[in-house]
Amino acid sequence: MTTQLEPRWLTAEQQRIWRAYLNGVALVNEQLDADLRPFGLDLGEYEILVHLSESPDRALRMSDLAERVRQSRSRLTHTVSRMESKGLVARTACPSDRRGVIAVMTTRGHQLLVEAAPAHVASVRRVLVDPIAAEDFEALGRAMEAVTRVTD
């Protein structure tokens, strides 16, 4: 016999904040995505380029990249294939493990990242950083760090 626990319903205020969070995240992502379109990138592709640029030799094992960008391996494979066809990344076999695949940022990918980064940062400031009071932005950071600790 299964015992069902009574749901801990959100209070009206918690519900308001939850929905504001969902709407805010969607609007921020939509705007950041739209602002990257003139560069031929979407937000997921930009994030992949950023992680590759921050890695030694601008290269990461695909499984590690999937974890960092929080995408499934199959979704990452599809995105990297699209980026590969644009000449932004290349895939190579892992020398220490033949089953592993490494994504490497190309020179073209790095040049595009350098070109897009100022516009992206301006977009992040416009849609997220600047509209929020400094103390609220710091609180948002603490809140998201707490969420990350619980889900990691």
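No value in this document is a laboratory result; all are computed from the given coordinates. Computed from a predicted model, the values in this text were never measured in an experiment. FYI the Cβ positions are ideal-geometry reconstructions off the backbone, even for glycines, and counts take in every protein chain you see.
Across the stretch 41-125, the relative contact order, built from alpha-carbon pairs under 8 Å that are at least six residues apart, equals 30 percent. Dipole of the stretch 41-125 computed with +1 at Lys/Arg Cβ and -1 at Asp/Glu Cβ about the Cα centre; of 43, 66, 56, farthest Cα towards the positive end is 66. Enter the angle in degrees (range 0 to 90, nearest 10) between the Cα long axis of helix 107-124 and the first principal axis of the Cα atoms of the chain, meaning the one along which they spread out most. So the inclination is approximately 20 degrees. Summary of the geometry: the stretch 99-152 and the stretch 1-30, compared by the centres of their Cα atoms, lie 24 Å apart. I want to make sure I understand the PRE zone here: with the label point 7 angstrom from the Cα of residue 18 toward its beta carbon, which residues in the stretch 134-150 have backbone N atoms less than 19 Å away? Flagged as within label range: 143-144, 146-148, 150. Sorted from greatest to least, the principal axis extents spanned by the alpha carbons of the stretch 1-141 come out as 53, 51, 24 Å.
Per-residue 3J(HN,Hα) values for the stretch 44-58, derived from phi via the Karplus relation 6.51 cos²θ - 1.76 cosθ + 1.60 with θ = phi - 60°, read x, 5, 4, 4, 4, 4, 4, 5, 5, 5, 8, 9, x, 6, 6 Hz in sequence order (x marks Gly and Pro).
From most to least packed by mean Cβ count within 10 Å, the peptides 74-81, 13-20 give 74-81, 13-20. The helix-based estimate of mean residue ellipticity at 222 nm for the chain, built from -39,500 (n - 2.57) per DSSP H run of four or more residues and divided by its residue count, is -20000 deg cm²/dmol to the nearest 500. Ordering 137, 39 from the fewest to the most neighbouring beta carbons within 10 Å gives 137, 39. Using θ = phi - 60° in the Karplus curve 6.51 cos²θ - 1.76 cosθ + 1.60, the 3J(HN,Hα) couplings for the stretch 131-145 round to x, 9, 4, 3, 5, 6, 5, 5, 5, 4, x, 4, 5, 5, 5 Hz; x is entered for Gly and Pro. Working ranking of peptides 86-92, 129-135 by packing, defined as the average number of other Cβ atoms within 10 Å per residue, highest first, is 86-92, 129-135. Contact order for the chain, expressed relative to its length and based on alpha carbon pairs under 8 Å spaced 6+ residues apart, stands at 21 percent. Extension gain for residue 91-residue 5 works out to 26.1 nm (0.36 nm per residue, less the C-alpha to C-alpha distance).
Across the stretch 74-91, computed HN-Hα scalar couplings (Karplus, 6.51 cos²θ - 1.76 cosθ + 1.60, θ = phi - 60°) run 5, 5, 4, 4, 5, 5, 5, 4, 4, 5, 5, 5, 8, x, 8, 9, 10, 10 Hz from first to last residue, x flagging Gly and Pro. Near residue 100, the amide H atoms lying under 5 Å from its own belong to 94; only residues 5 or more places off or on other chains count, and H is placed 1.01 Å from N. About its Cα centre, the dipole of the chain is roughly 600 debye, where the only charges are +1 on Lys and Arg Cβ and -1 on Asp and Glu Cβ.
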